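*Asks:* Dropping the structure in here first, questions after.
The values are calculated or read from the model by the stated rules, or taken from the named source; none is laboratory data. Since the structure is predicted, the reported quantities are computational estimates derived from the model, not experimental observations. Don't worry about glycine lacking a Cβ; one is built from the backbone with ideal geometry, like all the others, and counts go over all protein chains shown.
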Amino acid sequence: MSLVWKNPARVAALQSALTQRILIIDGAMGTMIQRHELQEADYRGQRFAEGYDALFANDGHAHGPGCGCEGHDQRGNNDLLSLTRPEIISGIHRGYLEAGADLVETNTFNSTSISLADYRLQHLVRELNREGARLARAECDAVEANDPTKPRFVIGVLGPTSRTASLSPDVNRPGFRAITFDELAEAYREAARGLIEGGADVLMVETVFDTLNAKAALFAIDDVFDEIGARLPVMISGTITDASGRTLSGQTAEAFWYSLRHVQPLGIGLNCALGAKDLRQHVDVLAQVADTFVSCHPNAGLPNAFGGYDETPEDMASVLREFAESSLINLVGGCCGTTPEHIRAIAEAMHGLPPRIVPVVEIAA
């Protein structure tokens with residue numbers, strides 16, 4: 001079945017912008033949330049202040065004293081803040097938009113049933129994705145209304161989950177898998193439905209450390225597009241996990257692209273794990289082989305001994321400017337450790353530089 005774009009005008013605006021300039025993706029959500037120094041009560045908010053009876057309502061479990069749910073603290077469950085402290089999430093989106101971001105990512109990195117199982121909140125998956133997209137949509141619309149010449153877009157984020165389909169978590173049982181392809185696909189379907197309902201312009205399968213996980217996500221996304229009879233642009237962003245230049249499941253950037261090229265994504269890129277300097281050679285590879293737009297949103301360097309990130313906005317912007325001058329990128333932003341100050345500096349560094357021209361790549365029959 002041939003599917004149409006869900007919102008043709010928005011897709012046309014995005015594709016037009018991508019041919020005219022390098023677009024700016026926002027920075028880290030978690031880094032900005034940490035600045036608020038939130039406690040357990042903040043994560044629960046008014047809605048879930050009464051404890052596990054309210055928090056785990058409708059999860060299909062019979063609750064009562066001693067059931068175990070009371071031990072599931074929510075502190076650190078950043079995605080839950082879309083429901084309990086939406087003003088914080090909206091404020092972070094607004095900060096990045098005002099710093100120059102063209103695209104903001106939804107606060108849904110862990111909003112799959114697989115990842116939310118750590119907090120016993122699988123029953124909130126669709127709502128968290130829908131509300132996460134709705135908050136980003138509202139901020140994009142408000143900022144765009146002030147300057148209609150510069151459209152702003154919502155990236156609906158689908159994170160990698162806390163499981164890997166290709167590798168065994170047990171060194172003594174190499175054939176064991178903690179998750180199946182079908183289980184991953186079902187989790188991603190539910191998340192994707194919520195993101196689309198909330199108004200995402202693009203879906204991004206990001207921080208991919210296992211290409212089989214990404215394949216499950218992309219398979220699920222296609223299923224949801226079939227359900228609704230329309231599609232959204234899709235982006236994919238992998239993560240190189242160490243100096244070997246490979247993903248956790250063992251692929252180089254080039255192999256990663258060719259494994260996923262068949263889905264014809266709007267963009268392919270790399271994010272997280274490394275700083276811009278260390279990602280440069282791998283982004284270069286993608287720029288040479290990918291016949292689609294290339295994105296890069298690295299960390300602010302490598303984490304220090306205290307788990308923080310030391311690369312300044314100016315340093316990061318200088319490195320990424322060279323990426324642009326070398327015609328490697330179409331979209332650029334930041335991941336862990338980056339802030340609106342980083343994004344502002346990156347946006348200023350990209351000003352006036354042309355985007356990478358998507359090559360015509362001949363594929364041998």
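*Asks:* Going residue by residue through the range 77-100, is there one that turns out to be modelled with pLDDT under 95 and assigned to a loop (DSSP other than H, G, I, E, B)? Let's see the steps before the verdict.
*Replies:* Keep residues of the range 77-100 that are modelled with pLDDT under 95, which gives none.
Scanning the range 77-100 turns up no residue that is modelled with pLDDT under 95 and assigned to a loop (DSSP other than H, G, I, E, B).
*Asks:* Using the structure shown, decide if SER115 is within 15 Å of the chain's Cα centre (by Cα), outside any strand (DSSP E or B), surrounded by 18 or more Cβ atoms within 10 Å (Cβ to Cβ) and touching a residue at least 60 places away in the same chain (Cβ under 8 Å). Walk me through it before giving the result.
*Replies:* Details: within 15 Å of the chain's Cα centre (by Cα): yes; outside any strand (DSSP E or B): yes; surrounded by 18 or more Cβ atoms within 10 Å (Cβ to Cβ): yes; touching a residue at least 60 places away in the same chain (Cβ under 8 Å): no.
When the stated conditions are applied, SER115 does not pass them.
Conditions (1) touching a Pro at 6+ places or on another chain (Cβ under 7 Å); (2) in contact (Cβ under 8 Å) with a residue 24 or more places away in the chain; (3) part of a loop (DSSP other than H, G, I, E, B), marked per residue:
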| site | (1), (2), (3) |
| --- | --- |
| SER318 | no, yes, no |
| ARG321 | no, yes, no |
| GLU341 | yes, yes, no |
| ALA347 | no, yes, no |
| ARG356 | no, yes, yes |
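*Asks:* Please work out which one of (1) in the same structural domain as GLY30 (by TED's automatic domain parsing); (2) surrounded by 19 or more Cβ atoms within 10 Å (Cβ to Cβ) is the condition PRO355 fails and give its number.
*Replies:* All conditions pass for PRO355, except number (1).
*Asks:* Here's a follow-up. Identify the residue in the range 83-97 that is charged (D, E, K, R) and in contact (Cβ under 8 Å) with a residue 12 or more places away in the chain and, among all such residues, is surrounded by the most Cβ atoms within 10 Å (Cβ to Cβ). Break it down stepwise before answering.
*Replies:* Looking only at the range 83-97, we keep the residues that are charged (D, E, K, R), and these are 85, 87, 94.
Cutting the leftovers down to in contact (Cβ under 8 Å) with a residue 12 or more places away in the chain gives us 85, 94.
Details: ARG85: 20, ARG94: 17.
Within the range 83-97, the match that is surrounded by the most Cβ atoms within 10 Å (Cβ to Cβ) is ARG85.
*Asks:* On to the next question. Could you please give the count of residues in the range 1-43 that are in a helix (DSSP H, G or I) and touching a Lys or Arg at 6+ places or on another chain (Cβ under 8 Å)?
*Replies:* Residues of the range 1-43 in a helix (DSSP H, G or I): 8-20, 29-34, 40-43.
Filter again for touching a Lys or Arg at 6+ places or on another chain (Cβ under 8 Å), leaving 40, 42-43.
Result for the range 1-43: 3.
*Asks:* In the range 241-270, what count of residues is obtained for those that are assigned to a loop (DSSP other than H, G, I, E, B) and either modelled with pLDDT of 95 or more or surrounded by 15 or more Cβ atoms within 10 Å (Cβ to Cβ) (or both)? First the steps, then the outcome.
*Replies:* So in the range 241-270, the residues assigned to a loop (DSSP other than H, G, I, E, B) come out as 241-252, 264-266.
This time we only want the ones that are either modelled with pLDDT of 95 or more or surrounded by 15 or more Cβ atoms within 10 Å (Cβ to Cβ) (or both), so: 241, 245-249, 251-252, 264-266.
Qualifying residue count, the range 241-270: 11.
*Asks:* Now, a different point. Of PHE48, PHE56, which residue is at pLDDT below 95, out of contact with any Cys (no Cβ under 9 Å at 6 or more places or on another chain) and hydrophobic (A, V, I, L, M, F, W, C)? Talk me through it step by step, then tell me what you get.
*Replies:* Details: PHE56 fails: out of contact with any Cys (no Cβ under 9 Å at 6 or more places or on another chain).
After ruling out the rest, the residue left standing is PHE48.
*Asks:* Which condition from (1) touching a residue at least 60 places away in the same chain (Cβ under 8 Å); (2) surrounded by 21 or more Cβ atoms within 10 Å (Cβ to Cβ) is the one that GLY238 breaks?
*Replies:* Going through the list (1) touching a residue at least 60 places away in the same chain (Cβ under 8 Å); (2) surrounded by 21 or more Cβ atoms within 10 Å (Cβ to Cβ), GLY238 breaks only (1).
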